[in-house]
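For reference, the structure discussed in these notes is given below.
The values are calculated or read from the model by the stated rules, or taken from the named source; none is laboratory data. These numbers come from a predicted model, not from an experiment. Cβ placement follows ideal geometry from the backbone for every residue including glycine, while neighbour counts extend to all protein chains displayed. Calculation scope for accessible area: heavy atoms of the full protein, side chains included, ligands and nucleic acids excluded. Shrake-Rupley method; radii C 1.70, N 1.55, O 1.52, S 1.80 Å.
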Amino acid sequence: MTQLNPVSRKYAGVRLAGSLILWTILLLAFAVMGIIGLVLDITPLAIISFALMVPLLIGAIIEIIVVVRQVRALGYLEREHDLLLQRGIMFRATTVVPYGRLQYVEVTAGPLMRAAGLATVTMHTASASTDASLPGLPRAEAESLRDSIAARGGARLAGL
């Protein structure tokens, strides 16, 4: 199979930045409970609180590894009649979006994605269940892909 075009590696950082807030809040909450347990001489509270920090840290490390691998597994390939999207590490999913079936293509970016200079290309078809998205592309590449897909889709519709 032909080599897929990868998404930006910065996308892993964007995904992890969102998770970092949750992990930090949870770790701080357990640390504060542990300190309160020490100060108030509630030993079981301190032990349980500090003990629960270990699985949280392990979970955060596992998430970092998984997210980095998931981002590496994301890719796309523009073909003559369709766009091929691929994702997944353990359960690989391949989506083929025929250009002639597209209704519209949009480029979106939330605050973290904009800060990293990234965007998501979303392709909408007549069936809501077949919509496809490709996150983590550099903004210019996302806009170029959107224009290319829209032009190919328009050409397919004109040929009907």
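Checking every residue in region 138-154 against the condition of being in a strand (DSSP E or B) and either more than 25 Å from Ala12 (Cα to Cα) or modelled with pLDDT of 90 or more (or both) gives at least one match.
Would you mind stating whether Ala12 is buried (at least 16 other Cβ atoms within 10 Å of the Cβ), assigned to a helix (DSSP H, G or I) and at pLDDT 95 or above? Taking the combined requirement at face value, the residue satisfies it.
Among the residues of region 66-88, is any of a type in the set (A, V, I, L, M, F, W, C), part of a loop (DSSP other than H, G, I, E, B) and open to solvent by less than 30 Å² (accessible area, probe 1.4 Å)? I'd like the intermediate steps shown before the answer.
Of the residues in region 66-88, the ones of a type in the set (A, V, I, L, M, F, W, C) are 66-68, 71, 73-74, 77, 83-85.
Still in the list and also part of a loop (DSSP other than H, G, I, E, B): 74.
So of that shortlist, the ones also open to solvent by less than 30 Å² (accessible area, probe 1.4 Å) come out as 74.
Looking for residues that are of a type in the set (A, V, I, L, M, F, W, C), part of a loop (DSSP other than H, G, I, E, B) and open to solvent by less than 30 Å² (accessible area, probe 1.4 Å), one finds at least one in region 66-88, hence yes.
Mind checking which residues of region 142-154 are free of Cβ contacts under 8 Å to residues at least 40 places away in the same chain and open to solvent by 30 Å² or more (accessible area, probe 1.4 Å)?
Going through region 142-154, the residues free of Cβ contacts under 8 Å to residues at least 40 places away in the same chain turn out to be 142-144, 147, 151, 154.
Scanning region 142-154 gives Glu143, Ser144, Asp147, Ala151, Gly154.
Please count how many residues of region 13-46 are over 30 Å from Arg114 (Cα atoms) and within 17 Å of the chain's Cα centre (by Cα). Residues meeting the conditions: 0. Count of region 99-112 residues, restricted to those that are under 15 Å from Ala12 (Cα atoms) and touching a helix residue (DSSP H, G or I) at 6+ places or on another chain (Cβ under 6 Å), is 1.
Out of all the residues in region 106-118, which are closer than 16 Å to Ala17 by Cβ and open to solvent by less than 60 Å² (accessible area, probe 1.4 Å)? Spell out the reasoning first.
Taking region 106-118 first, the residues closer than 16 Å to Ala17 by Cβ are 109-118.
Across region 106-118, the qualifying residues are Ala109, Gly110, Met113, Ala116, Gly117, Leu118.
Annotation: Ser49 fulfils all but one of (1) more than 20 Å from the chain's Cα centre (by Cα); (2) open to solvent by 30 Å² or more (accessible area, probe 1.4 Å); (3) among the polar types (S, T, N, Q); the unmet one is (2).
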